[in-house]
Amino acid sequence: MEGPMLPSDRMIHRSVMTAQVMEFLSIRPGAWYVDATLGQGGHTEAILGQGGHVVAFDMDPEAIGKARAELLPRFGDRLRLVNVNHRNMGQVLREMDLHPRGVLLDSGWAMPQADSDAAGLSFEATGALDMRMDPSLETTALSLLENSSIEELASILSNYGDEPLAMGIARALAEARGRGRLPGTPKELAAFVSGVYYRKGYRRSRRHPATRTFMALRIVVNREIDSLVLGLSGVRPLLESGGSIVVLSFHSREDREIKHLFRNWSREGLGSLPFSKPRTADKEELRQNPRSRSAKMRVFIAN
Ligand SMILES: C[S@@+](CC[C@H](N)C(=O)[O-])C[C@H]1O[C@@H](n2cnc3c(N)ncnc32)[C@H](O)[C@@H]1O
């Protein structure tokens, strides 16, 4: 959902910043690596291709199924697939008695999911306004709109979406709720937010005006930032000495959390940061892969 998508971009997912990720994972053949966000399997395949072994997590059964069909027959027991939320990865790895040499977390969703009508992520979807990637989560996007105060809605849109019209959209939603006219589908919500933009005098934008609103609701519904911090905090103590954690994030709030987490760890003497400003994609990738535009990479190396 980052940046405008061309028709062909909607169909395929290209892994982001693979060369930089591989540089910092610095694969040692035979060692174990964790891919916390398997997705379409691009990064996992790159690690396996250099001789690493991978434990890959994804809470989306489709991502796991795809890797089971396409990667397991090629890489066999060098690949283990785990269909759980990565917030629990520390516990899962302890149960496997596994100490990884490196961890990659490429946050967010893959393009096919961002287009998925089922989860209500596409601006065109006409199903329920749900947005849960994991059906065991309780809050849906609609229940957030139904139950949050104006201030809570504005703070969700501003903190998780960097939405400049957060208060205007929150007020309009609360007013629609009062009249029993809340948007009930993603398509209606997208049109509703576009209407707010239009009334405020914004007639043109590079992205769909609802992009930030959808991103904010998605992050809150799926508790993405908690999962990220919990998952990485669980896996850090298991890392081999000299092993690295590489995180790609696509949103300023996520990047801030990772920055603080890694800085705290390095101040506590648990490891070091090879660079302090996040790395971004190079020009060629920016041109070819729209998803790379907002990517920020941070790395922590364990003592
Ligand atoms: C951007 S994609 C990863 C793309 C992957 N690196 C590649 O090269 O194809 C992110 C994936 O992480 C999964 N995901 C997001 N949050 C998760 C979580 N908390 N636990 C487990 N999987 C998660 C999504 O289902 C999605 O498949």
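Could you list, in sequence order, the residues of region 34-76 that are part of a loop (DSSP other than H, G, I, E, B), over 20 Å from V235 (Cβ atoms) and more than 7 Å from the ligand (Cβ to nearest atom)? Across region 34-76, the qualifying residues are Q50, G51, L71. So if I check each of A56, A31, which one is within 23 Å of R298 (Cβ to Cβ), crowded, with 20+ Cβ neighbours inside 10 Å and in contact with a Gly (Cβ under 9 Å, 6 or more places away or on another chain)? The unique qualifying residue is A56. So if I check each of A191, A174, which one is under 26 Å from the mean Cα position of the chain (by Cα) and either farther than 27 Å from D106 by Cα or crowded, with 23+ Cβ neighbours inside 10 Å (or both)? Of A191, A174, the one residue that is under 26 Å from the mean Cα position of the chain (by Cα) and either farther than 27 Å from D106 by Cα or crowded, with 23+ Cβ neighbours inside 10 Å (or both) is A191. S205 meets the conditions (1) surrounded by fewer than 16 Cβ atoms within 10 Å (Cβ to Cβ); (2) away from the ligand (no atom under 16 Å from the Cβ); (3) not assigned by TED's automatic domain parsing to the domain that holds L142 in every case but one. The failed one is (3). Taking G231, is it free of Cβ contacts under 8 Å to residues at least 60 places away in the same chain and touching a strand residue (DSSP E or B) at 6+ places or on another chain (Cβ under 8 Å)? Considered against the rule, which asks whether it is free of Cβ contacts under 8 Å to residues at least 60 places away in the same chain and touching a strand residue (DSSP E or B) at 6+ places or on another chain (Cβ under 8 Å), G231 comes out as no.
Within region 24-33, the set of residues being in a helix (DSSP H, G or I) and either in contact with a Phe, Trp or Tyr (Cβ under 8 Å, 6 or more places away or on another chain) or under 21 Å from L230 (Cα atoms) (or both) comprises L25 only. Residues that are touching a Gly at 6+ places or on another chain (Cβ under 7 Å), at pLDDT 95 or above, surrounded by fewer than 21 Cβ atoms within 10 Å (Cβ to Cβ) and among the small types (G, A, S) do not occur anywhere in region 65-72. Taken over region 277-303, residues that are without any contact (Cβ under 8 Å) to a residue 12 or more places away in the chain and either polar (S, T, N, Q) or not in a loop (DSSP other than H, G, I, E, B) (or both) amount to 4.
One residue stands out in region 249-275 among those that are small (G, A, S) and modelled with pLDDT of 95 or more: the one that is surrounded by the most Cβ atoms within 10 Å (Cβ to Cβ), namely G271.
The values are calculated or read from the model by the stated rules, or taken from the named source; none is laboratory data. The structure presented is a predicted model; accordingly, all values stated were derived computationally and were not measured. Cβ: placed from backbone, ideal geometry, glycine included. Neighbour counts: every protein chain shown.
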